[in-house]
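Nothing in this text is a laboratory measurement; each read-out follows from the coordinates by a stated rule. Quantities reported herein were computed from a predicted structural model and do not represent experimental measurements. Using ideal geometry, Cβ is built from the backbone for each residue, glycine included, and neighbour counts are taken over all protein chains shown.
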Amino acid sequence: MNVINKISDFFDEKRRSKHKRIRERNDKMRALGKKTTKKGWGSMVNTGSGGINKNPIDRVYDIAQQQKNIAEEKELQKRDAPEN
């Protein structure tokens, strides 16, 4: 084997072991009844302006209000979700 093949095999094995660890972790989480996905960035806010800043003051107020609404929805979901 040449060096390139050895390096390629090394990274393939590393990737396979990572996938195996993730699968094992996900199986444990599913057994506990939890979701296996990461939380990510959360909900995006729709500004409605399509990137055009016609009136920045109104846009900032709208974004802040939408973020408050999203936070309240998430808080209600947490409160209503059963404890694990």
ask   = So between Lys78 and Asn26, what do we pick up on full extension, going 0.36 nm a residue minus the alpha carbon distance?
value = 16.6 nm
key: Spin-label model distance (nm) - Gln65 vs Val3, 7 Å beyond Cα toward Cβ   = 6.4 nm
